[in-house]
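First comes the structure, then the notes that go with it.
The values are calculated or read from the model by the stated rules, or taken from the named source; none is laboratory data. This one's a predicted model, so the numbers in the text were calculated from it and none came from an experiment. All Cβ positions, glycine included, derive from the backbone under ideal geometry; neighbour counts span all protein chains shown.
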């Protein structure tokens, strides 16, 4: 097992060199994700805002993700992807610094909206970069490696963010800005003058008719992504405050939950994706949804650090199962036509969860208590299963 995993991680073996470059970019950039992980706690504890207000502010970030996801996809059809990505990283640096200095609610809402727009566009453009710089046979593997890099960065960010927040919440923003600047320098050095190797090939067996609005399996996938995204995003919008108020965990212990999630993905994602090449997309998606529902739905029925960790392990396995197959499906459809529109629509649908989940979670939390959030999230994850079945009928 260990020797097999070592072979998969060889620079010149299972993954292409450009896949490693893009994964390194994500790792550096994801160190700045500590802002997202601890934003709810910052707004609630440091600024003393009501839980409903926190939900509305986080939904502003979600609205930005929604806008940026589609805008990034559309712009990538007309502007060189590398140039556009570098510009967005540059703007992100200054936005993170501003978030650490501003305390007025209206200004925070505007900054969170803009920050979400930048993050949504960068996320969409990363998929476009994989399309442009990796051979078709390597793209699914590049997805897996990018997820490992992303979660490894988040593991470090979760632990470091917990320590920084314990000292001063504003250090979370300033250190995140520094990491984003480092990611910008790495990206410019690695890809700025690199020619595009693959420019949107159209294979004969590509899925879909080439226009996303007439691609029925793709539309079912979008619907499933919205439900799964709403269920999953409660981890970021609600879990921190819930574990603090119901489980009485410290900010460092909460940070370790996010770190545990990321470390498990780092350890398990590549083997699971490699085996999944034989399992089929549908079974991975369904298994992931069930595990996500179980992991989140069990939270109201226990207490203590061990039980919280067990929940994290279960919903993390669900995430590791359903995330890569969804991106692979989008790539299969995008190869048939306008890649920017396919990527933009998918990430816009996924980002809708970051808009809807904080509001829904905040209202449920405020009116019915924290337990209700996880029961509803589990139900949404299960409701996504029949939609995934329809989305994968042709696959």
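Would you confirm, using the coordinates I've provided, whether residue 73 is in contact with a helix residue (DSSP H, G or I) (Cβ under 6 Å, 6 or more places away or on another chain), modelled with pLDDT under 80 and assigned to a helix (DSSP H, G or I)?
On the way: in contact with a helix residue (DSSP H, G or I) (Cβ under 6 Å, 6 or more places away or on another chain): yes; modelled with pLDDT under 80: yes; assigned to a helix (DSSP H, G or I): yes.
Here the answer is yes, as residue 73 does meet what is asked.
Could you tell me whether residue 166 is surrounded by 23 or more Cβ atoms within 10 Å (Cβ to Cβ) and farther than 17 Å from residue 262 by Cβ? Give the derivation first.
Working: surrounded by 23 or more Cβ atoms within 10 Å (Cβ to Cβ): no; farther than 17 Å from residue 262 by Cβ: yes.
No.
Being assigned to a helix (DSSP H, G or I) and under 17 Å from the mean Cα position of the chain (by Cα): is that true of residue 62 here? Can you show your working first?
Details: assigned to a helix (DSSP H, G or I): yes; under 17 Å from the mean Cα position of the chain (by Cα): yes.
It is true that residue 62 is assigned to a helix (DSSP H, G or I) and under 17 Å from the mean Cα position of the chain (by Cα).
Are any residues in the range 234-251 surrounded by fewer than 16 Cβ atoms within 10 Å (Cβ to Cβ) and either in contact with a strand residue (DSSP E or B) (Cβ under 8 Å, 6 or more places away or on another chain) or assigned to a helix (DSSP H, G or I) (or both), and if so, which ones? Break it down stepwise before answering.
If we filter the range 234-251 for residues that are surrounded by fewer than 16 Cβ atoms within 10 Å (Cβ to Cβ), which is where we start, we get 245-246, 248, 250.
Across the range 234-251, the qualifying residue is only 245.
Of all residues in the range 76-87, which are over 23 Å from the mean Cα position of the chain (by Cα) and at pLDDT 80 or above? Steps first, answer last, please.
Within the range 76-87, the subset over 23 Å from the mean Cα position of the chain (by Cα) is 78-80.
Within the range 76-87, 79, 80 qualify.
Output the number of the condition that residue 96 fails; it satisfies all remaining conditions of (1) surrounded by fewer than 23 Cβ atoms within 10 Å (Cβ to Cβ); (2) over 19 Å from residue 191 (Cα atoms); (3) touching a residue at least 12 places away in the same chain (Cβ under 8 Å).
(1)
Out of (1) out of contact with any helix residue (DSSP H, G or I) (no Cβ under 6 Å at 6 or more places or on another chain); (2) in contact (Cβ under 8 Å) with a residue 40 or more places away in the chain; (3) outside any loop (DSSP other than H, G, I, E, B), the odd one out for residue 310 is which?
The failed condition is (2).
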